[in-house]
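Asks: Can you keep this structure in mind? I'll have questions shortly.
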Amino acid sequence: MTDIRQTSQDADEAQQPQYDADRDARPTDATAQSDDGGAEVTSELDPLEEEGEVAADYLEELLDTADLDGDIDIEIRDGRTYLSVVAEGDDDSLSALVGEDGEVLEALQELVRLSVLAATDRRSRLVLDIGGYRRRRASALHEMALAAVREAQETGERVHLEPLSAYERKIVHDVVAEHGLVSESEGDGAARHIVVSAEQS
């Protein structure tokens, strides 16, 4: 059974009730009567909360269709919605939804974003993680960035990294900036990658 939890960095939001997989238990749009007797629909959710709910619904149906069990966590931070799907137990039953080098995960993230666009008419920047893949990948990217920083400092040469997604490049850029060096993205499409320079930022 899929369990959906919602968390936030803000203390006030952290006090909100957790939501389970029963859609009827979740907050929905409130319908009020207008002065002329017609139905006037207003939303109780802010845009990020709404896209989290829409995305969770989509993921819940996907897990049910694939006959997979997992918990769905929704977190709002830094102006972006983060959804994590974690397997119930320590098995890797969700690995098929990650794929080699996260290729399936990236495709699913785009599908979830499209589901939000279709439901809200707003483009989403939500980030989807499955089975902790992005957390492990972020750690590896951090080490990659540190190695590039050291190489650039020792050799004075520009260091070219492997092609990365936009989300992954952002992680590397942040690490390089923290160490006072300069990084920039070069290349197009699947070949777009980061170059770390020894010059100070």
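Asks: Return the residues of the range 127-138 that are of a type outside the set (A, V, I, L, M), more than 16 Å from L63 (Cα to Cα) and outside any helix (DSSP H, G or I); say none if nothing qualifies.
Replies: G132
Asks: Can you tell me which residues in the range 168-193 are under 26 Å from L128 (Cβ atoms), open to solvent by 70 Å² or more (accessible area, probe 1.4 Å) and not aliphatic (A, V, I, L, M)?
Replies: K170, E178, D188, R192
Asks: Report every pair of residues separated by at least 6 positions or lying on different chains whose Cβ atoms are under 7 Å apart, first residue within the range 104-119 and without any contact (Cβ under 8 Å) to a residue 12 or more places away in the chain, second crowded, with 16+ Cβ neighbours inside 10 Å and not basic (K, R).
Replies: Close Cβ pairs satisfying both conditions: V104/L97; V104/V98; L117/S124.
Asks: Hey, can you tell me all the residues within the range 100-126 that are of a type in the set (A, V, I, L, M, F, W, C) and over 15 Å from D57 (Cα atoms)? Even if it seems obvious, please write down each step before you answer.
Replies: Just the residues of the range 100-126 that are of a type in the set (A, V, I, L, M, F, W, C), to begin with: 104-105, 107-108, 111-112, 114, 116-119, 126.
V104, L105, A107 - these are the residues of the range 100-126 that are of a type in the set (A, V, I, L, M, F, W, C) and over 15 Å from D57 (Cα atoms).
Asks: How many residues does the range 96-121 hold that are assigned to a loop (DSSP other than H, G, I, E, B) and exposed (fewer than 13 other Cβ atoms within 10 Å of the Cβ)?
Replies: 1
Asks: Cβ-Cβ under 6 Å, sequence separation 6+ or interchain: first residue in the range 177-201 and β-branched (V, I, T), partner open to solvent by 60 Å² or more (accessible area, probe 1.4 Å) and at pLDDT below 95. Which pairs?
Replies: From the range 177-201, the pairs are V182/E199; V182/S201.
The values are calculated or read from the model by the stated rules, or taken from the named source; none is laboratory data. Given the structure is predicted, the values throughout are model-derived calculations rather than measurements. Every residue, glycine as well, gets a Cβ built from its backbone with ideal geometry; the counts of neighbours run over all protein chains shown. SASA here: full protein model, heavy atoms, side chains in, ligands and nucleic acids out. Shrake-Rupley method; radii C 1.70, N 1.55, O 1.52, S 1.80 Å.
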